[in-house]
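The values are calculated or read from the model by the stated rules, or taken from the named source; none is laboratory data. Predicted model, so just to flag it, every value in this text is computed and none were measured. Cβ coordinates were reconstructed from backbone atoms using ideal geometry, including for glycine residues, and neighbour counts include every protein chain displayed.
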There are 2 protein chains.
Amino acid sequence: MEPFEIHILGCGSALPTTRHNASAQIIKIGNKQFMVDCGEGTQVQLRRNHIHFSFINHIFISHLHGDHCFGLIGLISTFGLLGRTAPLHIYADPMLEELMKPQIEFFCKGMHYPLFFHGIDTTRHQTIYEDNTITVETLPLRHRIPCCGFLFREKPKRRHLLGDVANFYNIPAYMRQSIKDGADYTTPEGEIIKNNRLTKDADPSRSYAYCSDTAPCNNSEFLRGVDLLYHEATFADSEKERAAQTFHSTAKQAAQTASDAGVKKLVIGHYSSRYETPSTLLAEARELFSNTIAATEGDIIRI
Amino acid sequence: MEPFEIHILGCGSALPTTRHNASAQIIKIGNKQFMVDCGEGTQVQLRRNHIHFSFINHIFISHLHGDHCFGLIGLISTFGLLGRTAPLHIYADPMLEELMKPQIEFFCKGMHYPLFFHGIDTTRHQTIYEDNTITVETLPLRHRIPCCGFLFREKPKRRHLLGDVANFYNIPAYMRQSIKDGADYTTPEGEIIKNNRLTKDADPSRSYAYCSDTAPCNNSEFLRGVDLLYHEATFADSEKERAAQTFHSTAKQAAQTASDAGVKKLVIGHYSSRYETPSTLLAEARELFSNTIAATEGDIIRI
């Protein structure tokens, strides 16, 4: 199967520490690369993780808190310095364009690539990106300001043609695509060979959901059965009041969300700077949802 | 003597690398801390170098290229999150205030400290900051956009009162300050004790100049005899045409400036990302000016 990888560039929260970077991820699906959030320092994290700048064409911003978007201006500017010509698409609350336009006009004069801002309505679940193989949907979240998560989903794939059987029947090349799409094959003699004798099941369509920042919210219906859920777990259970006040989640609440939605695997992140390590957060999440891991910068999580 | 230290937080240039951070320094003089330039990632560099955020009250920005100021919004925002109440003063081209105001209003709502932008005319040599012990002067530089360096200078200090002599003459406490300022002492019997018998020379008044970014320019008169000069050395001699085109300096040109002005020591920085190490740059500078060192992140250079 083609790669479907989450590269963790930053999984800290608002206050700077030397242990974590501000929020940013690269989602690699096949030969495509998508960025989710872009906190300060993301461009250096891309370098550190050997991710090619030129493959990044779509950036999704969950919300307009600095630790999720202050790295954008530097990245946009560096793309310009590197002579980029390919369009760059940024999906975010419409306010971002208004805030960044004057800076881009001033700092990125003479930039040779087009930059498109796509305003998103964070309160609605909708498909905001689609190409031949994947879709990206918004996941409304519950934070202090407008905020949404993102659900990356592979489209249904073609069935696998069984090479031996295809050769046995001498199936011509021009008919093979329709058979992968489910068609039967009729031999020159008029015999109908059922598709299930010619093909085996397609690879599963994988999915990844990013939910940060948010208080617990009812989005099980959208998260149902996803392969991997990245969910913020800013606080331990002992700080659940602070979590509620600031519209964040505890590790336990993240695990409850994963459990309610029946996701296959949970990765927690967005740790408060008060925690030296995420061990307490991880232990608390695992009590409720055992297939949980704790994100670390540099991690590549494969689906 | 009280400390006079330059903490190098970043000495890379515009393109991000994992070897260097974007430009930023802390100048510690006595118990005061000044920041010069604030590239992306500076707040994490402050943490890494154990520099207290709350002691930073004055930030001087040389010019409005991203690698010298993209870290400001994150720092200003973090100061707010940390509950800062002390005023923060930023000295920069007046355009910076215009560009940042909308972002600050949006991202730093409810911030409890006053923020003052002081517009500076980068084309003139003038004193832009003064307190009881130091002054900061602008140094006009020659770059693609308005740009100036900064000269930190201790004011003349008081002479040292010789304890033994003062006790011998029983000089009352209220007269000691004027003697440190150079006055003679008249004993109750009318004998005049000359100041040079009562005191020894004051500590020297130290000075530090920051010159980045710039093509070679005639500022020897302002740099004359400074203790330490930080000068950009973006390129090696083999790239001197590129240096001229982009209004940067070669290491050799930085050394020539140091030599012409008779500074005591030179530290080079702002290395182009093409150099894996600054060794060539350092060697080329030392050919002309032997007392040269190459800046590295984390360095503390004491004057």
Considering each residue of the stretch B:187-226, count those that are out of contact with any strand residue (DSSP E or B) (no Cβ under 7 Å at 6 or more places or on another chain) and outside any loop (DSSP other than H, G, I, E, B), and give that number. 5
Do you know which residues across the stretch A:18-39 are out of contact with any strand residue (DSSP E or B) (no Cβ under 9 Å at 6 or more places or on another chain) and facing another protein chain (nearest Cβ under 9 Å)? A:Thr18
Determine whether the stretch A:170-190 contains at least one residue that is loosely packed, with under 13 Cβ neighbours inside 10 Å, basic (Lys, Arg) and at pLDDT 90 or above. no
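For the stretch A:198-221, check the following and say yes or no: at least one residue is of a type outside the set (Gly, Ala, Ser) and over 30 Å from A:Ile6 (Cβ atoms).
At the first step, the residues of the stretch A:198-221 found to be of a type outside the set (Gly, Ala, Ser) are A:198-201, A:203-204, A:206, A:208, A:210-211, A:213-214, A:216-219, A:221.
This time we only want the ones that are over 30 Å from A:Ile6 (Cβ atoms), so: A:198-199.
Among the residues of the stretch A:198-221, at least one is of a type outside the set (Gly, Ala, Ser) and over 30 Å from A:Ile6 (Cβ atoms), which makes the answer yes.
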Residue satisfying all of: in the stretch B:87-113; facing chain A (nearest Cβ under 8 Å) and in contact (Cβ under 8 Å) with a residue 24 or more places away in the chain; nearest to A:Gly39 (Cα to Cα) among these: B:Phe107
Between a first residue in the stretch B:137-166 that is acidic (Asp, Glu) and a second residue that is at pLDDT 95 or above and not in a loop (DSSP other than H, G, I, E, B), which pairs have beta carbons less than 6 Å apart while being 6 or more apart in sequence or on different chains? B:Glu137/B:Thr127; B:Glu137/B:Leu151; B:Glu154/B:Ile134
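A quick yes/no check of all residues on (1) assigned by TED's automatic domain parsing to the domain that holds B:Met35; (2) surrounded by 19 or more Cβ atoms within 10 Å (Cβ to Cβ); (3) in contact with a strand residue (DSSP E or B) (Cβ under 8 Å, 6 or more places away or on another chain); (4) at pLDDT 95 or above:
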residue: B:Ser77; (1), (2), (3), (4): yes, yes, no, yes
residue: B:His89; (1), (2), (3), (4): yes, no, yes, yes
residue: B:Ala92; (1), (2), (3), (4): yes, yes, yes, yes
residue: B:Thr123; (1), (2), (3), (4): yes, no, yes, yes
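Being within 18 Å of the chain's Cα centre (by Cα) and within 9 Å of chain A (Cβ to nearest Cβ) is the filter here, so list the residues in the stretch B:71-86 that pass it. I'd like the intermediate steps shown before the answer.
To start, the set of residues in the stretch B:71-86 that are within 18 Å of the chain's Cα centre (by Cα) comprises B:71-72.
If the condition is that a residue be within 18 Å of the chain's Cα centre (by Cα) and within 9 Å of chain A (Cβ to nearest Cβ), then B:Gly71 is the only one that fits.
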Can you name every one of the helices (runs of 4 or more DSSP H) wholly within the stretch A:230-303 that holds 1 or more residues which are free of Cβ contacts under 8 Å to residues at least 24 places away in the same chain? A:240-245, A:279-288
Any idea which of (1) free of Cβ contacts under 8 Å to residues at least 24 places away in the same chain; (2) farther than 30 Å from B:Ala24 by Cα; (3) in contact with a strand residue (DSSP E or B) (Cβ under 9 Å, 6 or more places away or on another chain); (4) surrounded by fewer than 17 Cβ atoms within 10 Å (Cβ to Cβ) is the one B:Thr127 doesn't satisfy? (2)
Residues of the stretch B:60-86 that turn out to be under 25 Å from A:Ser13 (Cα atoms), without any contact (Cβ under 8 Å) to a residue 40 or more places away in the chain and not aromatic (Phe, Trp, Tyr), as a count: 15
Please go through the stretch A:40-70 and give me each residue that is crowded, with 22+ Cβ neighbours inside 10 Å and within 7 Å of chain B (Cβ to nearest Cβ), ordered by number. A:Glu40, A:Gly41, A:Gln43, A:Val44, A:Gly66, A:Phe70
